[in-house]
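Notes to accompany the following structure.
Values quoted throughout were computed directly from the atomic coordinates according to the rules given, and no laboratory measurement underlies them. Remember, it's a predicted structure, so these values are computed and weren't measured experimentally. Cβ: placed from backbone, ideal geometry, glycine included. Neighbour counts: every protein chain shown.
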Amino acid sequence: MKAAARSIAVLALALIMGGHAAPASACDLPANAAGLMAATGAEINAVRQQNGRKVLRRSAQLDQAAQRHACWMSVQNKFSHQGARGSKPRDRIAATGYRARLTSENIASGQTSGPQVVAEWMASQGHRANILRDKVSDYGIGVALLQGRPVWVMVYAQPR
């Protein structure tokens, strides 16, 4: 059953990534990756509403940027906002074709649920500012396994 759920998650992420997903062995995913991402997005929007902010739209392009970075960190055994070839969040978002006026990124490692990762981000001034930023309208999320523990990437953007 776990193998079937994992296969479904890999297939879903391959679709998110435009059919260019790395093989499962190159990027290990939590068995419930799609559910984790959906729960995290719902939690972000609940927190935004509780704080008088508009809900954000989930963007397939931003999901692609976030998932690619989560997989890159997993494969490279690194935890950083700087990615492949020195990329920054803005570069990774632009690579998907999303034309952004404003971008930001939250990363985290080790949390096992959407509510847990959002609570920890909300306890950090910089991460909280990204979540509650008024001038963003879209988000994307990615999750992979880094040394057997979830590594999270959430990007926020406002299109041009």
task = Restrict the check to the range 75-93 and report whether at least one residue is farther than 28 Å from Ala26 by Cα, in contact with a helix residue (DSSP H, G or I) (Cβ under 6 Å, 6 or more places away or on another chain) and in a helix (DSSP H, G or I).
result = no
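Residues are listed down the side, and each one gets a yes or a no for (1) crowded, with 21+ Cβ neighbours inside 10 Å; (2) in contact (Cβ under 8 Å) with a residue 40 or more places away in the chain; (3) hydroxyl-bearing (Ser, Thr, Tyr):
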| position | (1), (2), (3) |
| --- | --- |
| Gln76 | no, no, no |
| Arg101 | no, yes, no |
| Val118 | yes, yes, no |
| Ala144 | yes, yes, no |
note = When the range 133-160 is checked residue by residue, the ones that are over 24 Å from Leu29 (Cα atoms) and touching a Gly at 6+ places or on another chain (Cβ under 9 Å) are Ala157
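When you look at Val136, is it in a loop (DSSP other than H, G, I, E, B), in contact (Cβ under 8 Å) with a residue 60 or more places away in the chain and among the β-branched types (Val, Ile, Thr), yes or no?
Taking the combined requirement at face value, the residue satisfies it.
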message = Consider the range 100-117. How many of its residues are touching a helix residue (DSSP H, G or I) at 6+ places or on another chain (Cβ under 8 Å) and closer than 16 Å to Ala34 by Cα?
response = 5
query = Take the residues of the range 23-45 that are loosely packed, with under 14 Cβ neighbours inside 10 Å and not hydroxyl-bearing (Ser, Thr, Tyr): which is farthest from Trp152 (Cα to Cα)?
reply = Pro23
